[in-house]
Amino acid sequence: MECWQDRCIFRDLDRSVDRMVKRISGDREAGKSIGVVTHSFGDWVVRAAIARAPEHRVTTLVSLTPLMRFGFLTGLLSVVSGNRIPEVTVIMDPDRASANADCDSNVRRLVLWSWIDESLRSVDLSHVSNLEARRVAATHLSIPLQPNVHHAVADFMFGF
């Protein structure tokens, strides 16, 4: 297991995506496939990287409250920051926020939306192939900490 480090705010978006492309690139058929778990804006970075990397090793993607549409706090942050934060600029643009929602139909995906999300809103993903979406009793920030989420991720990724 590896935790990929990236800035949370004021990142160079292209650089972050390029770094992730390098991390996931390779031949998944050669037995070196990987599963990825994302949270919030990290999901946008991974979706963009998968779309940019024609030969990537990602076979499974679990998205915890993925960035697809802005919520109340993000809208407030946009007004306060004057759109000087690159991540907020993406979040506030519905097309950019939901870009690459269907990044690769060969990647098996699970999306977990939180019931109470002050930062992002869920979207209908029924058009995306090979994707299962669920709601869990959590907030945007608490979802990665919840034991029931850990069990759902482990079950989806490893089948236990």
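Would you calculate the volume per residue, in Å³, of the smallest convex hull containing every Cα atom of region 1-60?
Numbers: hull volume 4.5 nm³, N = 60.
That works out to 75 Å³ per residue.
Residue-wise, which Karplus ³J(HN,Hα) couplings in Hz belong to region 105-122, taking 6.51 cos²θ - 1.76 cosθ + 1.60, θ = phi - 60°, and x for glycine or proline?
Using θ = phi - 60°, the values come out as 5, 7, 8, 6, 10, 10, 10, 10, 8, 8, 5, 10, 10, 7, 9, 10, 10, 7 Hz.
What's the center-to-center distance, using Cα atoms, between region 124-160 and region 9-42 in Å?
Their Cα centres are 19 Å away from one another.
Check which residues have an amide H placed less than 5 Å from L120's amide H, if you skip close sequence neighbours.
Counting only residues 5 or more places away or on other chains, the set is G71.
Once amide H atoms are built 1.01 Å from N in the peptide plane, which residues 5 or more positions from S114, or in another chain, come under 5 Å H to H?
T65, V136
Considering the chain as a Gaussian network with a 10 Å cut-off on Cα pairs, which listed residue, D102, D18, D27, attains the greatest mean-square fluctuation?
D27
What is the Rg over Rh value, at two decimals, for the chain, using alpha-carbon atoms and the Kirkwood definition of Rh? Let's see the in-between values first.
Numbers: Rg = 15.2 Å, Rh = 16.0 Å.
Reported Rg/Rh (Cα atoms, Kirkwood Rh): 0.95.
What is the set of long-range amide H partners of V62 at a cut-off below 5 Å, with H atoms built 1.01 Å from backbone N?
V36, V37, T38, L110
Among the DSSP beta bridges whose two residues both lie in region 9-158, what percent are antiparallel, rounded to the nearest 5? Numbers along the way, then the final one.
Working: 2 of 20 bridges.
Here the share of antiparallel DSSP bridges comes out near 10 percent.
Top to bottom by accessible area (1.4 Å), largest first, where do R84, R121 land? Show your work: numbers first, answer last.
On the way: R84 175, R121 85 Å².
These residues rank, largest area first, as R84, R121.
Using a 10 angstrom cutoff on alpha carbons, build the Gaussian network for the chain and name the most mobile of A97, A137, A48.
Most flexible of the set in this elastic network: A137.
Let me make sure I get this right: for region 106-157, a, b and c are the square roots of the gyration tensor eigenvalues over alpha carbons, sorted descending. Under 1.5 in a/c it's rounded, otherwise prolate if a/b > b/c, else oblate. Which is it?
Details: a/c = 2.74, a/b = 1.22, b/c = 2.24.
It is oblate, given that a/c is not under 1.5 and a/b is not larger than b/c.
The values are calculated or read from the model by the stated rules, or taken from the named source; none is laboratory data. The model shown is predicted, which means the values in this text are computed figures rather than measured ones. Each accessible area value is taken on the protein alone, full model and side chains, heavy atoms only, with ligands, DNA and RNA left out. Shrake-Rupley method; radii C 1.70, N 1.55, O 1.52, S 1.80 Å.
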